[in-house]
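**Student:** There's a structure below that I have some questions on.
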Amino acid sequence: MTRGDHSTALMLAGAILDPVIAVSATDPRADHTAYDEEMVAVSGAVPKRLREFSAGRVAARQAMAELGAPALAVPMGSDRAPIWPDPLIGTITHSDTACLAAIAWIGEIRMLALDLEEDAPLAYDLLDTVCTAAERQWLNAQPDPDQAAKVIFSAKECAYKAQYPLSQQLFDFQTLEVEISSDHSQFVARFTRSVAPFGQGDQISGKIARGDGLIVTAIAVRA
């Protein structure tokens with residue numbers, strides 16, 4: 001098993017996702033075949049991007065099969081977000097070595113997101129962009145502040161993906177402030193300002209899994 005490969009990513013995600021959610025993993029370094037109606041969104045992209053995109057769509061259909069849903073296309077919208085076929089909700093994420101997709105029925109899950117990152121320090125020049133003053137204060141008390149900052153980054157990416165289908169709004173990292181539990185297994189992302197339909201102070205809770213060089217964050221809110 002390669003360090004940080006898709007088998008590891010699948011194990012980490014499966015451990016923190018609600019059991020009603022189907023999750024699958026693929027290797028974005030391998031060749032995968034997506035549907036033509038999906039590939040039109042990335043025509044002209046570099047080979048690495050094409051492989052990552054195709055791996056995500058194949059992982060999504062593997063998860064659909066696990067859920068008992070038909071193997072439907074997942075085209076990309078003008079905002080670059082996946083368009084999930086009704087009545088499904090889903091999420092796709094990837095690193096250089098792994099791709100994850102999770103799928104659920106809308107009647108069971110109303111918010112769903114995954115984020116996958118390499119478990120490496122967050123670049124120092126991104127700290128002020130990603131982290132609020134309160135988060136920086138928390139990081140200063142951690143034994144591995146640079147890697148803990150990467151967990152905050154992943155949690156914010158995950159929370160952003162979870163809320164986007166509801167708000168349809170773009171915003172910066174400072175719009176969310178993350179608190180991580182003492183055992184680093186859970187997080188809460190709190191809105192620092194109103195982003196309709198979310199108000200200032202509203203929270204989204206998620207889970208964290210780390211292992212073999214990967215970080216997986218997950219949000220799953222029951223309908």
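The values are calculated or read from the model by the stated rules, or taken from the named source; none is laboratory data. Keep in mind the model is a prediction, meaning the values are calculated, not measured. FYI the Cβ positions are ideal-geometry reconstructions off the backbone, even for glycines, and counts take in every protein chain you see.
**Student:** For segment 119-159, which residues satisfy the criterion of being under 20 Å from Leu17 (Cβ atoms) and either of a type in the set (Val, Ile, Thr) or touching a residue at least 40 places away in the same chain (Cβ under 8 Å) (or both)?
**Tutor:** Within segment 119-159, Asp119, Val151, Ser154, Ala155, Glu157, Cys158, Ala159 meet the criteria.
**Student:** Can you name the number of the only condition in (1) touching an Asp or Glu at 6+ places or on another chain (Cβ under 9 Å); (2) closer than 25 Å to Phe187 by Cα; (3) not in a loop (DSSP other than H, G, I, E, B) that Glu52 fails?
**Tutor:** Unmet condition: (2).
**Student:** Let me ask something else. Out of Ala113, Ala149, report the one residue that is in contact with a strand residue (DSSP E or B) (Cβ under 9 Å, 6 or more places away or on another chain), among the hydrophobic types (A, V, I, L, M, F, W, C) and not in a loop (DSSP other than H, G, I, E, B).
**Tutor:** Exactly one residue qualifies, and that residue is Ala113.
**Student:** Here's something else I'd like to know. State the number of residues belonging to segment 161-208 that are of a type in the set (Asp, Glu) and at pLDDT below 95.
**Tutor:** Of the residues in that region, 1 qualify.
**Student:** Moving on to the next point. Please find, among Gln169, Gln142, the residue that is more than 27 Å from Ala45 (Cβ to Cβ) and either part of a loop (DSSP other than H, G, I, E, B) or among the β-branched types (Val, Ile, Thr) (or both).
**Tutor:** Just a single option satisfies the conditions, and that option is Gln142.
**Student:** Further, regarding this structure: Consider only pairs whose beta carbons are under 7 Å apart and that are at least six residues apart or on different chains; among these, list those whose first residue lies in segment 27-47 and is basic (Lys, Arg) and whose second residue is surrounded by 16 or more Cβ atoms within 10 Å (Cβ to Cβ) and part of a loop (DSSP other than H, G, I, E, B).
**Tutor:** Arg29/Thr97
Yes or no, residue by residue, for (1) on the phi < 0 side of the Ramachandran plot; (2) under 15 Å from the mean Cα position of the chain (by Cα); (3) surrounded by fewer than 18 Cβ atoms within 10 Å (Cβ to Cβ):
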residue: Leu116; (1), (2), (3): yes, yes, no
residue: Thr129; (1), (2), (3): yes, no, yes
residue: Arg136; (1), (2), (3): yes, no, yes
residue: Phe153; (1), (2), (3): yes, yes, no
residue: Ala162; (1), (2), (3): yes, yes, no
residue: Leu170; (1), (2), (3): yes, no, yes
residue: Leu176; (1), (2), (3): yes, no, no
residue: Phe187; (1), (2), (3): yes, yes, no
residue: Ala196; (1), (2), (3): yes, no, yes
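**Student:** For segment 30-44, enumerate the residues that are under 22 Å from the mean Cα position of the chain (by Cα) and either under 20 Å from Asp79 (Cβ atoms) or assigned to a helix (DSSP H, G or I) (or both).
**Tutor:** Result: Ala34, Glu38, Met39, Ala41, Val42.
**Student:** Can you find a residue that is under 16 Å from Thr91 (Cβ atoms), surrounded by 14 or more Cβ atoms within 10 Å (Cβ to Cβ) and not hydrophobic (A, V, I, L, M, F, W, C) anywhere in segment 211-219?
**Tutor:** Yes, segment 211-219 contains at least one residue that is under 16 Å from Thr91 (Cβ atoms), surrounded by 14 or more Cβ atoms within 10 Å (Cβ to Cβ) and not hydrophobic (A, V, I, L, M, F, W, C).
**Student:** Residues to consider are Ile83, Ile103, Ile89; find the one that is modelled with pLDDT of 95 or more and under 26 Å from Asp212 (Cβ atoms).
**Tutor:** Answer to the check: Ile103.
**Student:** Please go through segment 7-26 and pick out each residue that is over 26 Å from Ser205 (Cβ atoms) and either modelled with pLDDT under 95 or touching an Asp or Glu at 6+ places or on another chain (Cβ under 7 Å) (or both).
**Tutor:** Ser7
**Student:** Restricting to segment 189-223, count the residues that are outside any strand (DSSP E or B) and hydroxyl-bearing (Ser, Thr, Tyr).
**Tutor:** 2
**Student:** Does Val58 satisfy the condition of being at pLDDT 95 or above, touching a Lys or Arg at 6+ places or on another chain (Cβ under 7 Å), surrounded by 13 or more Cβ atoms within 10 Å (Cβ to Cβ) and of a type outside the set (Ser, Thr, Tyr)?
**Tutor:** So Val58 does not fit the description; no.
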